[in-house]
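Participant: This structure is in structure tokens; I'll ask about it shortly.
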């Protein structure tokens, strides 16, 4: 096998040629699009903007291609060094401050190229593991992968002063150009590696690329196969893998939810048959703002039963027309009014004078309204998510009416997308992320054609966006946690040193000597403990100096000191002050003051003097002493908080054991405004808690006892997220409410 570096250079030549060809075609497509937009602009101003973008792209095309080429050459070395120095699996990342639209376009480029070349990419991944000799190399971080192409474009485009829209158009064009050629490019790279003897007989695994859609399609197939193979009267005792066990749990959960939905629909049918009593019962059970109007009973003039029932096509057509004319807000009141609007629209469209919604259409609209009410009344959910729910309201209703599995199957892409929106509204409460996710709902609504594909695409795009956003937040949070841990280590070390010095200085009578020892020896001993430990010679030398200086400040112990001890302590103190950065003037003044102390103590040996020695001010020591006193006073106020009661002590223990990442709502003012923060770190040593905002910034530190008191007063509330999905829990609450009404 040839040298790895030489082989990588040959692979780079092949890869660079294919990428440059794709980039050239993408630039050509983008130039054509900009020229077309300029020609068809509806104003002179827009025409000028498009032509300027056209000229800038054309003039800087060579610079972009050269930048991509330079990044390509550096890519293998960068990846190799990152993997070697990291204990964790490393993935290629976008530029951190990338614009949102560009990040989304690059993410789409990644997923498209992965699907287009997945077979050859699998083979290339295995060979790259052999080439780098590291099992952490995979398609997310290896050279030449779609993730690497995204990484290259992200860093290359960052240096170009083009507008965001031009960069986005170029990435979309690159996606089209590489989609046709990426598989062949990976094939050429594999052929070159085979020629070098790297896994020449490797066979690809012929399976669909892993995506949410494939997982969604597989699970019903597995469930069906399991039902066919299993005898009715014979239990299956074969051991299951974790994956199989998870699938079985999902099947059981899906069955439970189907029973729940059937029960809800039965109760709704029962209430509908009772006419007006349905509405009155519901009004007494829920607030006025959260009521569902009763479904209209069949028209008195209806003849022939089902012959006037609204068909699925007529229902969809009328719903789309209403959405286009006025929009349909996602709440129960609007959905209840929607029923009469639908029948009116069907009457106008078809001439059916007595149109009546089917039982399923009635119940589906009612149940969707109830779910929206649960969301509306939930304080854990950011209210700005309503705009995203409004955007997909009509597609969700159409899907729920047509597809029986929407309410019962947690893996249904439309339900998963709705779940992810609700999770996002809680995880990113009060942040701009809630507003940014609206575009994904908007795209899902525009791409909806009656199938699942639009929701699958929107679900993948939103998941990728949230993954990038979460990764940035984690990185920001880690910086604050590391800083807090380092600060705590320093604080604990200072406390240990302070205890040592307090014991040494307990008999020192001269304030200046105490201040010098406290400020100089404190810093010296703290650094020595952190760097070398308490068993080192340097530690012992600093301790001895502190002891001698303390004796200088004590009349009885002063006479026990010898001349060499005094001189050695003075010399070591001067060297220490020099190392710590004290000015020459402060060092000389400190020496003069210590000599004054010598004279005062020697005079005190013959006759006691009550007047202290006259000493000069040492600015740095005096300033540090005042700052230390202020810090001590503030610490004292915290330490003097009243003792905790039993409930508060339990809350302290709860905070210590709660998982990092748990969300807490802080009441920001008397108006009840909420600030949501994430628990990042708890120290039982310093009894301090670190929280950050949801983006990982703006650290908030507080005492453990203080947080327990505020939680007891409900000024801080732990956010309890629904496990197993929000909609499932909402359906359970709806069921309980309907049971009360039925009773």
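Participant: Applying the selection to region 348-358, what residues are surrounded by fewer than 19 Cβ atoms within 10 Å (Cβ to Cβ) and modelled with pLDDT of 85 or more?
Facilitator: 358
Participant: Taking the residues in region 665-674 that are free of Cβ contacts under 8 Å to residues at least 40 places away in the same chain and within 26 Å of the chain's Cα centre (by Cα) as candidates, determine which candidate is surrounded by the fewest Cβ atoms within 10 Å (Cβ to Cβ).
Facilitator: 672
Participant: Further question: Condition check: in a helix (DSSP H, G or I) and free of Cβ contacts under 8 Å to residues at least 24 places away in the same chain. Does residue 313 satisfy that?
Facilitator: yes
Participant: Being over 27 Å from residue 479 (Cβ atoms) and touching a strand residue (DSSP E or B) at 6+ places or on another chain (Cβ under 9 Å) narrows it down to one residue among 736, 715; which is it?
Facilitator: 715
Participant: Cβ-Cβ distance below 6 Å, separation of 6 or more or different chains: which pairs start in region 177-191 with a residue that is farther than 14 Å from residue 149 by Cβ and end on one that is surrounded by 15 or more Cβ atoms within 10 Å (Cβ to Cβ) and at pLDDT 90 or above?
Facilitator: 188/14
Participant: In this structure, does residue 488 turn out to be closer than 20 Å to residue 696 by Cβ and modelled with pLDDT under 85?
Facilitator: So residue 488 fits the description; yes.
Participant: Restricting to region 675-691, name every residue that is out of contact with any helix residue (DSSP H, G or I) (no Cβ under 6 Å at 6 or more places or on another chain) and surrounded by 19 or more Cβ atoms within 10 Å (Cβ to Cβ).
Facilitator: Those that are out of contact with any helix residue (DSSP H, G or I) (no Cβ under 6 Å at 6 or more places or on another chain) and surrounded by 19 or more Cβ atoms within 10 Å (Cβ to Cβ): 676, 677, 678, 679, 688, 691.
Participant: For region 645-664, which positions are buried (at least 18 other Cβ atoms within 10 Å of the Cβ) and within 17 Å of the chain's Cα centre (by Cα)?
Facilitator: Once the filter is applied, which keeps residues that are buried (at least 18 other Cβ atoms within 10 Å of the Cβ) and within 17 Å of the chain's Cα centre (by Cα), region 645-664 yields 663, 664.
Participant: Given the options 149, 102, name the one that is surrounded by fewer than 22 Cβ atoms within 10 Å (Cβ to Cβ) and either in contact with a strand residue (DSSP E or B) (Cβ under 8 Å, 6 or more places away or on another chain) or in a helix (DSSP H, G or I) (or both).
Facilitator: Checking each option against the conditions leaves just 102.
Participant: Could you tell me which residue of region 157-174 is farthest from residue 117 (Cα to Cα), considering only residues that are surrounded by fewer than 21 Cβ atoms within 10 Å (Cβ to Cβ) and within 26 Å of the chain's Cα centre (by Cα)?
Facilitator: Of everything passing the filter in region 157-174, 164 is farthest from residue 117 (Cα to Cα).
Participant: Scan 25, 47 and give me the residue that is in contact with a helix residue (DSSP H, G or I) (Cβ under 8 Å, 6 or more places away or on another chain), part of a helix (DSSP H, G or I) and in contact (Cβ under 8 Å) with a residue 60 or more places away in the chain.
Facilitator: Just one listed residue meets the conditions, 25.
The values are calculated or read from the model by the stated rules, or taken from the named source; none is laboratory data. Because the structure is a prediction, the values reported are computed rather than measured. No Cβ is skipped: glycine too gets one built from the backbone with ideal geometry, and neighbour counts run over all protein chains shown.
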